[in-house]
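Student: A single structure is presented below for examination.
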Amino acid sequence: MASDPAVAGFQPPLRRTWDQPRSGVDNARVDLGKKLYFDKRLSRDNTISCNSCHDLKRHGVDGRGFSLGFKNHEVGRNSPTVFNAAGHLAQFWDGRMTTVEEQAKGPILAAGEMAMPSPEAVVKKLKGIPGYKPLFAAAFPGDNDPINYDNVGTAIGNFERLLITPARWDLFLAGAEEALSPLEKKGLKSFTMYGCTTCHTGTLLGGDRYMKAGLVKPWPNKKDLGRYNVTKNEADKYVFKVPTLRNIEKTGPYFHDASETTLKGAIAKMGRHQLGIDIPKADVEAIEAFFQSLTGEIPAELAATPELP
């Protein structure tokens with residue numbers, strides 16, 4: 001099966017990045033980025049960190065339909081997993097940022113999220129924490145004034161690029177037939193047969209294209225105009241980035257509007273609205289089983305809360 005043309009579109013297997021050789025400066029940036037990722041002082045009231053909504057011990061999500069930001073404000077879209085996000089064509093559901101380095105700077109300043117009033121306010125706060133000075137100096141040795149807002153995003157992004165989660169599925173792609181159970185293989189066959197690969201393909205099974213929510217049958221929730229809010233192009237109404245299926249069994253609720261709480265429900269909904277079919281229950285269950293082979297893990301030390309300055 002692994003050599004079957006039907007799975008060629010999923011190649012190559014995902015490879016871990018956390019154990020690859022890095023320079024001293026790279027290590028310093030990763031170390032700084034991890035601290036910043038976990039530091040709640042990057043929020044206005046010192047209660048919210050990147051990890052609050054993208055919990056590394058919960059496969060990069062918080063399990064809520066909509067995360068809570070400053071003063072318990074509910075954000076407008078479901079918070080996607082940070083795992084493997086560095087490999088996407090763009091960031092956020094609407095693709096308004098290209099890289100994880102750019103993305104990292106957004107929520108810190110978003111009024112309904114971490115709510116810092118300005119980049120200057122973030123920099124002032126960090127400069128007021130003595131322990132950060134040597135960390136920024138080590139991470140950005142060529143900068144005369146290394147504690148700046150662009151470097152905050154760069155450091156967090158460097159850390160996030162380690163958050164890659166190879167799984168049993170990758171062993172299968174590499175030729176280990178026994179890595180998937182018979183039911184999971186049946187689910188893979190159903191997944192490809194029904195045309196789910198129109199959107200969910202590539203190494204990350206998503207994250208590499210945009211697609212209209214409600215391609216065949218209109219999406220029930222019409223409140224969010226999706227990528228149209230970025231481009232103002234009529235063709236982009238209700239268009240969103242296709243989410244990765246990596247770790248999907250662990251990252252519900254599902255969709256930009258958190259409209260499904262179960263994986264079976266999400267699969268059935270995709271069948272109806274994107275493919276125009278009612279997928280039989282047995283095939284839904286098999287596809288769900290296949291999705292379990294996409295769940296990966298990272299070393300506990302990478303997800304462990306660091307000591308902050």
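Student: Could you let me know the centre-to-centre spacing of region 283-309 and region 30-85, using Cα atoms, in angstrom?
Tutor: Cα centroid of region 283-309 versus Cα centroid of region 30-85: 17 Å apart.
Student: For region 24-164, what does the equivalent ellipsoid look like in terms of its semi-axes, each the square root of 5 times an eigenvalue of the Cα gyration tensor, given largest first in whole Å? Display every interim value, and only then the final one.
Tutor: Numbers: eigenvalues 108, 63, 33 Å².
In descending order, the three semi-axes are 23, 18, 13 Å.
Student: For the residues W169, W93, W219, what sequence is obtained by ranking on other C-beta atoms within 10 Å, fewest first?
Tutor: Details: W169 26, W93 23, W219 20.
Fewest-to-most ranking of W169, W93, W219: W219, W93, W169.
Student: Tell me, what HN-Hα J-couplings in whole Hz come from the Karplus equation 6.51 cos²θ - 1.76 cosθ + 1.60 at θ = phi - 60° for each residue of region 296-301, using x for Gly and Pro?
Tutor: Values, residue by residue: x, 10, 10, x, 4, 5 Hz.
Student: Hey, another quick one. Could you tell me how many degrees, from 0 to 90 and to the nearest 10, lie between the Cα long axis of helix 182-193 and the main elongation axis, the longest principal axis, of the Cα atoms of the chain?
Tutor: Taking the Cα atoms of the chain, the angle to 182-193 is about 90 degrees.
Student: With a sphere of radius 12 Å drawn around the Cβ of N78, what net charge do the other residues whose Cβ falls strictly inside it have (Lys, Arg +1; Asp, Glu -1)? Kindly include the intermediate steps, with their values, before the conclusion.
Tutor: Details: positive: R64, R77; negative: D62, E74, D224, D257, E260.
So the environment of N78 carries a net charge of -3.
Student: Need the C-alpha centroid separation for region 88-109 versus region 154-174, integer Å.
Tutor: 18
Student: Within the set of other residues whose C-beta is less than 14 Å from the C-beta of A115, count the net charge using Lys and Arg as +1 and Asp and Glu as -1.
Tutor: On the way: positive: K40, R41, R44, K71, K105, K125; negative: D45, E74, E113.
So the surrounding residues net to +3.
Student: Still on this model: Under a Cβ-only charge scheme (Lys and Arg +1, Asp and Glu -1), can you give me the dipole magnitude of the chain about the Cα centre, in debye to the nearest 20?
Tutor: Working: 40 positive and 36 negative charges, 137 e Å.
Charge dipole of the chain: 660 debye, to the nearest 20.
Student: Across 20 Å bins from 0, what is the distribution of all Cα-Cα pair distances for the chain, in whole percents?
Tutor: All Cα pairs, binned at 20 Å, distribute as 32, 55, 13, 0 percent.
Student: Let me ask something else. Can you show me the helix-derived [θ] at 222 nm for the chain, built from DSSP H runs with n ≥ 4 at -39,500 (n - 2.57) apiece and divided by the number of residues, rounded to the nearest 500.
Tutor: Numbers: 12 runs with 104 residues, N = 309.
After summing the helix terms and dividing by the residues of the chain, the value is -9500 deg cm²/dmol.
Coordinate-derived values only; no laboratory data. Note that the structure is predicted; figures quoted are calculated from it, not measured. All Cβ positions, even for glycine, are placed from backbone atoms using ideal geometry, and neighbour counts span all protein chains on display.
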